[in-house]
Amino acid sequence: MKLFKLTLITLFRRKSWAVCAFLVLLMPFVLPQLSSGTENPGLLKPALAQAAWGMAWLSAAFWGFFAAAKTGENLSRSGLGEYFQTMGVSATRQLLEIWAALMVYIAPLGIGAALVCIFAASPSLPDERAMWIATNFQYALLFTIVVAPLIALAVATASRFGSLTGFIVSTGITFYGLYGVGYMKLLLTLEGNPLLSWLWSASPHYHFADPTERLRYKLGAIEWSQFPLLIAYFLGIFLLYTAFSRLIFRVKATA
């Protein structure tokens, strides 16, 4: 696990993870003060919850995918990947170790957002509070499952095409899955195009992993009978992206 430790220590010494910790743990308390959330006390807690999860997604996209892409590019272009390969560390294991090191910093973003919502924005009624806690932990799990394969994709794409391409690909897929599919569905209601319908069906529906609307309107947790189906859907995407990431990942830059 030498590459895992090397990646972990390198990311720690860069200290950019501290910015993400600040954004997720402290910025949600600042943003409602800068908006109209304080004008109505009833809107303050929903605004705080929305800010916490918004910061988690933004941190994962703009820092997590950038760090992953930069790491993947450095591995192949610096000769480090080739060195580890000569030491008997296969390309698959190198990708796995880099991915695991990155997830040590990125997975806590969802947990941090959930904890902020639970300790600072929980409803006062006991029944609502219990449902609120369940909802946040459900989405912390979904957040991790969604982000994990995109991290691997950023590393693998950057190792072959450069860090900018790796960052853009993972970030683009994320925001398309969160927001773009919604606009596509709106187009489908206006025009029943079979091609658009197929594209919408094949798209990653990451908006199912975004809890902001459910928390804002106190819609409660996802039904536990339906939650395993949602987990299975995202695990399917996980396996697909992971297989593709391993296919394009390389440890040595072309001449």
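Total residues in segment 192-205 satisfying the condition of being surrounded by 11 or more Cβ atoms within 10 Å (Cβ to Cβ) and not in a loop (DSSP other than H, G, I, E, B): the figure is 4.
In the set (1) within 19 Å of the chain's Cα centre (by Cα); (2) of a type in the set (D, E, K, R); (3) open to solvent by 40 Å² or more (accessible area, probe 1.4 Å), LYS5 fails one condition alone, (1). Here the condition is being at pLDDT 85 or above, open to solvent by 30 Å² or more (accessible area, probe 1.4 Å) and in contact with a Phe, Trp or Tyr (Cβ under 7 Å, 6 or more places away or on another chain); of PHE208, PHE161, PHE167, PHE137, it holds for PHE167 alone.
Taken together, the residues in segment 216-238 that are in contact (Cβ under 8 Å) with a residue 60 or more places away in the chain and assigned to a helix (DSSP H, G or I) amount to 8. Candidates in segment 218-244 are the residues that are at pLDDT 95 or above and more than 17 Å from THR144 (Cα to Cα); of these, the one that is surrounded by the fewest Cβ atoms within 10 Å (Cβ to Cβ) is ALA243. Against the conditions (1) open to solvent by less than 20 Å² (accessible area, probe 1.4 Å); (2) within 25 Å of VAL169 (Cα to Cα), GLY79 satisfies every one except (1).
The values are calculated or read from the model by the stated rules, or taken from the named source; none is laboratory data. If you're wondering where the values come from, they're calculated on a predicted model, not measured in any experiment. FYI the Cβ positions are ideal-geometry reconstructions off the backbone, even for glycines, and counts take in every protein chain you see. All accessible areas refer to the heavy atoms of the entire protein, side chains included, with ligands and DNA or RNA removed. Shrake-Rupley method; radii C 1.70, N 1.55, O 1.52, S 1.80 Å.
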